[in-house]
């Protein structure tokens, strides 16, 4: 090998060594870079985790809520629901104030105007219209509280001019209560004739005697007060036929029509009535006071073509609009909790005297027969939407006056039906 070749070989060897050293250095730097990046990722992850914990801690709800409801609400269930919520939110203090039903509207209006209203109110839905008139209620944002599973009839009772002003908490209607100690299940009345026949056979019936509480019989004769567009659509003949039946029933000694629902309930509890047209809201008390689980509940008797149509009404949660965003957020969280599916189902089981507004709740009929009867009755019940409450407030007092005149014999059922139609239409034109 000549000298030039040796020199070239040595240079190639040196270049190869330098290249190898350079590659090793690159690999080392890459490894260091990966190690640093991994450490940075770990630090970022740790930092983010700390931030999440800090945010969770900072978002822990704290504050106070004043809840109003009337005396018809089950106190034990209300207190238990509050305790359930406070287990999750121990820093939220909830005070319940029971306001007499006949004072609630007046007191709320006074307190709202003075800036001292409660944070949330559980109220009969028909009172909502008065709250809306003075612009006192917050509209419920469907993005905050999902109302997609609420029964359409209940949703219509909290909706006005396209906005939702309340959250349905419970639904009620009328059913026929009976004493299982004296009535066999296979002999329950299916129609109005059965009531008359059983009364003649010695069984006793009690029902509240006023236009609203006997509303359930109008549908049996094919009548309805409003059509689907909310127009007054009562047929005078349907109400007249129902009043004719009530007149004949009143003359039987074992059928008692009374203006005092409390007296009827007491008589039923004492065993003096075999049947009692009761509101679902009274069922819990009846179950507690009747001995040996003697309370039975069945559908109201219907007719050959139409079922009974009792009124259906909702108890709803409404939130005044005069509080700070922070206070409103706490109240909304509480409202969302007590109306969620789990709480509604628990309430339906524990109380057993209302229909859950959530249409996805299903209770086994074999285990909860009273609840199943309420739900079945509700399918044929008459739910007056919130939009039609002003019309009902005009028509029902007129109906009450004529109802009493017919039962007293001052006017005939036919005359009463004709006057109800004429006077109601005139009043609606004048006042709306």
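The values are calculated or read from the model by the stated rules, or taken from the named source; none is laboratory data. Remember, it's a predicted structure, so these values are computed and weren't measured experimentally. Heads up, the Cβs are rebuilt from the backbone with ideal geometry, glycines too, and the neighbour counts pull from every protein chain shown.
Of the helices (runs of 4 or more DSSP H) lying entirely inside the stretch 276-374, the ones with 3 or more residues being in contact with a helix residue (DSSP H, G or I) (Cβ under 9 Å, 6 or more places away or on another chain) and within 22 Å of residue 153 (Cβ to Cβ) are found at 341-351. The set of residues from the stretch 199-234 being free of Cβ contacts under 8 Å to residues at least 60 places away in the same chain and either under 15 Å from residue 275 (Cβ atoms) or crowded, with 20+ Cβ neighbours inside 10 Å (or both) comprises 199, 200, 201, 202, 223.
Within the stretch 240-251, none of the residues are in contact (Cβ under 8 Å) with a residue 60 or more places away in the chain, assigned to a loop (DSSP other than H, G, I, E, B) and crowded, with 18+ Cβ neighbours inside 10 Å. Of the residues that make up the stretch 143-157, is at least one touching a residue at least 40 places away in the same chain (Cβ under 8 Å), assigned to a strand (DSSP E or B), touching a strand residue (DSSP E or B) at 6+ places or on another chain (Cβ under 9 Å) and outside the structural domain of residue 392 (by TED's automatic domain parsing)? Checked against the condition, which is being touching a residue at least 40 places away in the same chain (Cβ under 8 Å), assigned to a strand (DSSP E or B), touching a strand residue (DSSP E or B) at 6+ places or on another chain (Cβ under 9 Å) and outside the structural domain of residue 392 (by TED's automatic domain parsing), the stretch 143-157 yields at least one hit. Counting the residues of the stretch 159-198 that are in contact (Cβ under 8 Å) with a residue 12 or more places away in the chain, at negative phi, part of a loop (DSSP other than H, G, I, E, B) and over 16 Å from the mean Cα position of the chain (by Cα) gives 7. Filtering the stretch 345-365 to residues that are crowded, with 18+ Cβ neighbours inside 10 Å and touching a residue at least 60 places away in the same chain (Cβ under 8 Å) leaves 347, 351, 352, 353, 354, 355, 356, 357, 358. State whether one or more residues within the stretch 252-261 are within 30 Å of residue 68 (Cα to Cα), at pLDDT 95 or above and in contact with a strand residue (DSSP E or B) (Cβ under 7 Å, 6 or more places away or on another chain). Checking the stretch 252-261: not a single residue is within 30 Å of residue 68 (Cα to Cα), at pLDDT 95 or above and in contact with a strand residue (DSSP E or B) (Cβ under 7 Å, 6 or more places away or on another chain). Only a single item in (1) touching a strand residue (DSSP E or B) at 6+ places or on another chain (Cβ under 7 Å); (2) more than 30 Å from residue 424 (Cα to Cα); (3) modelled with pLDDT of 95 or more is not met by residue 287, and it is number (3). The listed residues are 103, 71, 97, and the only one of them that is surrounded by fewer than 16 Cβ atoms within 10 Å (Cβ to Cβ), in contact with a helix residue (DSSP H, G or I) (Cβ under 7 Å, 6 or more places away or on another chain) and either at pLDDT 95 or above or assigned by TED's automatic domain parsing to the domain that holds residue 333 (or both) turns out to be 71. On inspection, residue 209 fails the criterion of being over 23 Å from residue 264 (Cα atoms) and in the same structural domain as residue 392 (by TED's automatic domain parsing). Considering only residues of the stretch 403-432 that are closer than 20 Å to residue 213 by Cβ and under 32 Å from the mean Cα position of the chain (by Cα), which is modelled with the highest pLDDT? So the residue we want is 403. Going through the stretch 107-118 one residue at a time, which ones are in a helix (DSSP H, G or I) and more than 17 Å from residue 72 (Cβ to Cβ)? Correct list: 109, 110, 111, 112, 113. Scanning the stretch 184-198 for residues that are touching a helix residue (DSSP H, G or I) at 6+ places or on another chain (Cβ under 9 Å) and either surrounded by 14 or more Cβ atoms within 10 Å (Cβ to Cβ) or at pLDDT 95 or above (or both) yields 188, 189, 191, 192, 194, 195, 196, 198. Tell me which residues, restricted to the stretch 122-142, are assigned to a loop (DSSP other than H, G, I, E, B) and over 22 Å from residue 361 (Cα atoms). Result: 134, 135, 136, 138, 139, 140, 141.
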